[in-house]
Structures are given as C-alpha cells and as structure tokens.
Amino acid sequence: MRLEFRFDIISDYFPLFMRGTLYTLGISLSGIILGSILGLIIGFGNMSKRWYLRWPMQGYIHLFRGTPLFLQILIVHFGVVVMVIGKTDAIVAAITALALNAAAYTAEIYRAGIQSIDRGQSEAAYSLGMTKSKVMRYVVLPQAIKRMIPAFGNEFIVLIKDSSLVAVIAAPELMYWAKSANAQYTRIWEPYLAAAAIYLVLTYSLHRLLIYLERKM
Amino acid sequence: MNPIIQVKNLSKSFGANVVLQHIELEIEKQQVVVVIGPSGSGKSTLLRCLNLLEKPEQGEVWIEGRSLMDKKMKIEEIRTEVGMVFQQFNLFPHMSVIDNIMLSPMKVRKWSSSQARKKAIELLHKVGLTEKAEAYPSSLSGGQAQRVAIARALAMEPKIMLFDEPTSALDPEMVGEVLAVMKDLANEGMTMIVVTHEMGFAREVGDEIIFMEQGQIVEKSSPQQLFDNPKHERTREFLSKVL
C-alpha cells in the first residue's frame, strides 16, 4: 500500500459530510433533549416512595442500560417504529432509540445529583414552611443541577459518538456518508479520518461549552 | 391559658431502637425551655417531632391547639409558625445571605420583594450582620452563619423557635455571639425550645430545664432546682459530668 492521502475524496464528499454532520447534530440533540425529559420523569419515579412507581422505572433503567444500544436501534427501527407508524423511518427510529437509551442514563444522573444534596438543606427548607415542590425548585435542584453538569457532559459526548451506530439503519448522518465514501473508493484513511476529525470537533466543542456552563453557574 | 405546645404520650423508634418513650410536655407562650441530656437521649428527635421533620409513631402533638397528627392538617402551615435552627446551620449555599432570608417570606408568605428585603435588613441589623447582606454563606464564619440562620427562621415571623444544638458545631470563641442573639430573643418574649450543652445559658435564660435520658423526660424543673438540687440520681450524675 502506497502512502498517499487523496484529498480529492474528501473534497468530493465534503457537501455530504457536512449534511451528515448536520444530521448527526440534529439526531444527537433531539436524542439528548427528549432523553433528558424522559429521564427526568424516570429519575423521579425511581426516587418515589411508592413501589408501583419505583419498580417499573427501575425495570426501565435496567433494561436500557443492560442491553446493547446497537440492538435497541435495530429493534426500534424494524420493530417499534414499523408497528407504530406502519413503515420504516430511519431518522425517527434513530432519535427514538437514542432518546430511550439516554433516558435510562440521565435518570440515574438526576437521582445521583439530587441525592448528593445534604438532607439538612431540604430539612431547613421544610422547616421554613415550603412545600415539597418548592423545596425541590428553590433549594435542591439549583444545587443538584450544578453537580449534574459534568455527568451530563459525559453522557452527551457518549451520545454524539453513539449516534454513529444509526448508520446501520441508513440514517444519513456522518458515519453513514463516511461508510459510503469508503465503499465507493475502497479507501480507509480518507473518509474515516475525516469523520473522526469532525466527531472530535463536535465533542470537543461540547466539552468547552460545558466547562463554560459549569464555571458560570 | 392554653399551652402553645402540648405533647401527649409521644413515642418514636428507629427500627428496634426506641428513641422517645411516652413523652408528656406542655409549654406556655413566651416560655424558654432548655433540654439537656447525654447524646442519644432523644433530645433532637423530640424537637424534630414538633415540626414533623420526624414522624411520631404514637401520641399526639398540638401546636396552638392544632393537632399535628390530623390527616387534614397542612403541615406546611404549622411549620411557618415554628422556626428551626440547626446544628449545621443549613444555609442555602447558592444564595446570598439576604436571599437566604428573603426566600421563604416571598415564596411561602407571598410577600413582595421590597417587603421581604425590608424585613431581612431589619433582621440582619438585629443579629449584627448588616454588612454581610450580599455575602455568600461560604464566606461566613460559623458564628456568623448561625446568626444568619436565626435571622432566616425569624423572617417567617414564627411564634415558636426550636434550636437544635445551635452552638455545638461552633469554635468556642463564636459560641457567645450566637447565645447573645438567642438571649435577646428570649427577652423579647419568644417561645423557645433549646437543645444545648451550654449549661451557663440554660441556667441564665431557661425558664424551665428538661433533663432527658434514654428517650424519657427524667426531670423537669426550674434552673435553680435542677442545677442546685436535682431530684433524681441520674440528673445528678449527668450534671457532675458536664459542670
């Protein structure tokens, strides 16, 4: 194998890579947002004193943390989405699978963050006459969220990278186009290094953003 | 006159560990009751049962004639009348001193921000910390933090104040400034229950001293009686160790 780097492949595929990057961003961001909202519900359910709320949520967390995301993507794409909307839709399946998976992880982040706040804080707030929801909103959550940021950052970075798995169901995101370039030109280095560079830019930007947020809070 | 606090046959255990046994207690308006006793005797738990931070298992508690065990009763309402000061201060670290004090009057009592601020500044003046209004709790000394915590509880204009070992976490040189604030409060006629190891304070400020051991009230009498001429052997033993 000769050592040469064919930049023409990258420039050929540049528009597709950019479009793929936008899809990667869109799918990841939707997955993060929906997953965080669902995770909030699951996390609070998991902290409930009522067993009939707690047990299903614990089951959910075990199920989605305990099975491969790759498998979840396939089941959602070929099974769940087809059952619900009657046809396959790679983007809908990609976002759904990532959100369902992220919800299990973020649920645990919420729980850990909230439970890390000293009990004296909520006791003081209760003793001042606040209701449970006010204690959460004004005293516990503002402190807990700050502690959750690094864990959320981790989860979001993992999710951006894991979104590459949806290439297998032909969702037209970055990894999908990297694979097509690889297939078309039978070249390894150019498409995959270009994709790697773009993923790095995405995750590193997110990393900087989170550091900025953490400092600001 | 009806007692402001009435406790009947109150019992509580944590698992197999019985912490309170058949407590009977009546406290009149404007009384200062000091609770002393060895650690683990149930003093703090008794205090925490009075605003339901702990749930009693058995017995009845009335605050101003309202039963805490009544299922229909909104515990938040009663808690607005009962302020509490904790050993560990428990100031909210993400808020400035003045916001700590203003939070509950605004969110619970629905006061306007200017009204709450006026009250907060008045209270900071009272505890001698006007200059710390915009400071954050992490920059305060223990004594200052505890004085802010007292101001925060007073901002709700409670009728009763509970103090759970308010000086136990303080360096010795800061105990005095906190006790001074509490003494002022007692002189103004606040109904107070104070769990403490400060025997000097108990003797000087207390109207009544309760000695607790193993979840029971062993002896309850005036400071002179209890400190100078305790009736029970157990009280005498305890006092000989701490005085």
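The values are calculated or read from the model by the stated rules, or taken from the named source; none is laboratory data. This one's a predicted model, so the numbers in the text were calculated from it and none came from an experiment. When we count neighbours, we look across all protein chains shown, and the Cβ atoms used for this are built from the backbone with ideal geometry, even at glycine. SASA here: full protein model, heavy atoms, side chains in, ligands and nucleic acids out. Shrake-Rupley method; radii C 1.70, N 1.55, O 1.52, S 1.80 Å.
Assorted remarks:
- With contributions of -39500 (n - 2.57) from each DSSP H run of at least four residues, the per-residue ellipticity at 222 nm computed over the protein assembly as shown stands at -18000 deg cm²/dmol.
- Average Cα contact separation per residue, region A:77-217, under 8 Å, 6 or more apart, as relative contact order %: 23
- Between 0 and 90 degrees, the angle of helix B:113-126 with respect to the longest Cα principal axis of chain B falls at about 60 degrees.
- Qualifying GluC sites (Glu not before Pro) in region B:88-162, where qualification requires a DSSP coil assignment and no more than 10 other C-beta atoms within 10 Å, comprise B:E134.
- Complex-versus-alone comparison for region A:103-146, residues with a loss of 30 Å² or more in accessible area, probe 1.4 Å: A:Q121, A:E123, A:A124, A:Y126, A:S127, A:L128, A:G129, A:M130, A:K134, A:Y138, A:Q143
- Label positions at B:E134 and B:D184, each projected 7 Å from the Cα along the C-beta direction, are separated by 2.3 nm.
- DSSP beta bridges fully contained in the protein assembly as shown are about 55 percent antiparallel.
- Ligands, DNA and RNA left out, the accessible area of region A:109-195 computed with a 1.4 Å probe is 60% carbon and sulfur.
- Solvent-accessible area assigned to carbon and sulfur over region B:116-206 amounts to 48 percent, based on a 1.4 Å probe.
- If you take the Cα centroid of region B:195-211 and the Cα centroid of region B:9-69, the two points sit 18 Å apart.
- Global geometry of region B:100-191, whether rounded, prolate or oblate, following the gyration tensor of its Cα atoms and the 1.5 cut on a/c: oblate
- Sites listed here are trypsin sites (Lys or Arg not before Pro) in region A:52-88 whose DSSP assignment is loop and whose Cβ has at most 15 other Cβ atoms within 10 Å: A:K87.
- Springs between Cα atoms under 10 Å define the GNM used for chain A, and in it the highest mean-square fluctuation of A:R137, A:R147, A:R187 occurs at A:R137.
- FRET efficiency, A:R54 to A:S133 (Cβ-Cβ, R0 25 Å, nearest 0.05): 0.85
- A DSSP coil position with no more than 10 other Cβ atoms inside 10 Å describes the following GluC sites (Glu not before Pro) in region B:146-243: B:E188.
- Legend: helices of chain A (whole DSSP H runs) are marked when their alpha-carbon atoms reach 24 angstrom or more along the helix axis and their mean Kyte-Doolittle hydropathy is at least -1.0; marked are A:7-46, A:90-115, A:141-162, A:189-216.
- Spin-label model distance (nm) - B:L243 vs B:S168, 7 Å beyond Cα toward Cβ: 2.2
- Solvent exposure of the protein assembly as shown as accessible area per residue, Å², 1.4 Å probe: 49
- FRET efficiency for B:D207 and A:M217, using Cβ-Cβ distance with R0 set to 35 Å, rounded to 0.05: 0.15
- Between B and A, roughly 1700 Å² of accessible area is buried in total, ligands, DNA and RNA not counted and the probe set to 1.4 Å.
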